[in-house]
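Below is one structure; the comments refer to it alone.
The values are calculated or read from the model by the stated rules, or taken from the named source; none is laboratory data. Just so you know, these numbers come straight off a predicted model, no measurement behind them. Glycine gets a Cβ as well: all are built from the backbone with ideal geometry, and neighbour counts include every protein chain shown.
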Amino acid sequence: MAAHRARRWSLGGLVLLLSAALATAIVVSASGSGVSRASAAVGAQTWSDEFDGAAGSGPDRGRWTLETGGSGYGNHELEYYTDSTANAALDGQGHLVVTARKNTDPGLNCWYGPCRYTSARLNTARSFTQAYGHFEARIKIPRGQGVWPAFWMLGSDIGSVGWPNSGEIDVMENIGKEPGTIHGTIHGPGYSGAGGLGAGYTLPGGAAFADAFHVFAVDWSPNSIAWSVDGTAYETRTPADAGGNKWVFDHPFFLILNLAVGGDWPGTPDGSTSFPQSMTVDYVRASAWNDAPGPGTGTTGAIKGIGGMCVDVAGGSNADRTPVQLHNCTGNPAQQWTLGGDGTVRALGKCLDVAGGSTADGAAVQLYTCNGTKAQQWTYTAAHDLTNTGANKCLDATGNSSADGTRLQTWTCSGGANQKWTLG
């Protein structure tokens, strides 16, 4: 847990921003994409940004507000946040690139004097707020001492109740001196700043988060908040963890992306830190929480198909591209599947995946690192079909066979016994 830093908010610009947002009566907003996923484990997607646009263009101002200023944001940060495309721009390849640079403008002043760095901080306070649901972003973070990327959320009532009474959910924070570790934390009255509730997640094998994209997510319901990285859950907090203090996660929050430089927690960049440094965001998505979910929601256990055979990860391996097959039911972990709160079907810490994202009949189904693509989005219906929503095709036992080792594939839904599945 990141227990030794203060929190990052500005009593100036942010409160003014929230006052304007409240004046427009934003509550639970469904602006942006409204993709329907009938019978999915969570409600429909309520908001997203896939960052499609021309290289060099700014982020969509209908979705994002770019904050500006160099106040230090309560943490003695060193950057000046600008609304320039030099600090936040699309790359033309479906990404938002948030870049921290050494400042060259002598007219920019920060709390400590002439600003040393510029960067960007974006929020959805004016365009999108939501209580409960699944929130995720696929991000490749920067690296270096004193660099502080984050994807997080603040309560939309901060303008009237202040922080930490508004609540804060940090989906992902990283400080550059910990290249292989990210932190997920909540802050509220009596458990804020150094007393925030959370945990860290460290990549195995000494890997660094800056080396590849990763999916950072929270699943937020009225009674819990759970964090995950690449589909692997690592921390859950409930009202009991607040130790008798008020649980303030019962109202709409808005989203924030930012890349800070310096501050009390990460410390100051040193001679080992190169600039510019960039946080590259592939997408940000939100889905509704559904208190009346479709069949099988939240189930963890066996998935049984034709002949009573179980859906099985071949050899019990969690390597990417491991075949998924039918096998006699054994109850081992290779046959324990969870219908996640984000439309995924998971086993062994990875996702049920259509190879290559194919939409063709006969596409192989495999285990693969969770990456948020449509190849890993599934709907379990009242008719007991398990449908890949990317291809609009059903999970299918090849050749109508129930033999051990029968490979699973996707195929046009026919209603046949080889496409019917029971859970638990």
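If you go through the stretch 67-90 one residue at a time, do you hit one that is closer than 30 Å to Thr373 by Cβ and touching a residue at least 40 places away in the same chain (Cβ under 8 Å)? There is no residue in the stretch 67-90 that is closer than 30 Å to Thr373 by Cβ and touching a residue at least 40 places away in the same chain (Cβ under 8 Å). Scanning the stretch 166-175 for residues that are buried (at least 24 other Cβ atoms within 10 Å of the Cβ) and within 12 Å of Arg143 (Cα to Cα) turns up just one, Asn174. Contact map, the stretch 362-383: first residue at positive phi and in the same structural domain as Asp312 (by TED's automatic domain parsing), second residue buried (at least 18 other Cβ atoms within 10 Å of the Cβ) and basic (Lys, Arg), Cβ cut-off under 9 Å, separation 6 or more or different chains; pairs are Gly372/Arg138; Gly372/Arg285. For residues in the stretch 56-89 being crowded, with 21+ Cβ neighbours inside 10 Å and among the hydrophobic types (A, V, I, L, M, F, W, C), which is farthest from Phe213 (Cα to Cα)? The selected residue is Leu78. The residue that is surrounded by the fewest Cβ atoms within 10 Å (Cβ to Cβ), counting only those in the stretch 113-140 that are among the aromatic types (Phe, Trp, Tyr) and part of a loop (DSSP other than H, G, I, E, B), is Tyr132.
Once the stretch 56-85 is narrowed to residues that are among the aromatic types (Phe, Trp, Tyr) and under 25 Å from the mean Cα position of the chain (by Cα), the residue that is farthest from Pro149 (Cα to Cα) is Trp64. Quick one: is Thr422 modelled with pLDDT under 90, over 22 Å from the mean Cα position of the chain (by Cα) and polar (S, T, N, Q)? So Thr422 fits the description; yes. Criterion applied to Gly305, Gly341, Gly356 was being surrounded by fewer than 23 Cβ atoms within 10 Å (Cβ to Cβ) and either modelled with pLDDT of 95 or more or among the small types (Gly, Ala, Ser) (or both), and the one residue passing it is Gly356.
So in the stretch 70-105, with the set limited to residues that are assigned to a loop (DSSP other than H, G, I, E, B) and β-branched (Val, Ile, Thr), which one is farthest from Asn258 (Cα to Cα)? Result: Thr104. Regarding the stretch 282-297, can at least one residue be identified that is at pLDDT 95 or above, over 25 Å from the mean Cα position of the chain (by Cα) and under 23 Å from Asp230 (Cβ atoms)? Within the stretch 282-297 (the criterion being at pLDDT 95 or above, over 25 Å from the mean Cα position of the chain (by Cα) and under 23 Å from Asp230 (Cβ atoms)), the answer is no, since none of the residues qualifies.
On the basis of being surrounded by 15 or more Cβ atoms within 10 Å (Cβ to Cβ), within 23 Å of the chain's Cα centre (by Cα) and at pLDDT below 95, does Thr381 make the cut? Taking the combined requirement at face value, the residue does not satisfy it.
Does Arg143 satisfy the criteria of being assigned to a strand (DSSP E or B) and surrounded by fewer than 24 Cβ atoms within 10 Å (Cβ to Cβ)? Judged against the criteria, Arg143 is not a match.
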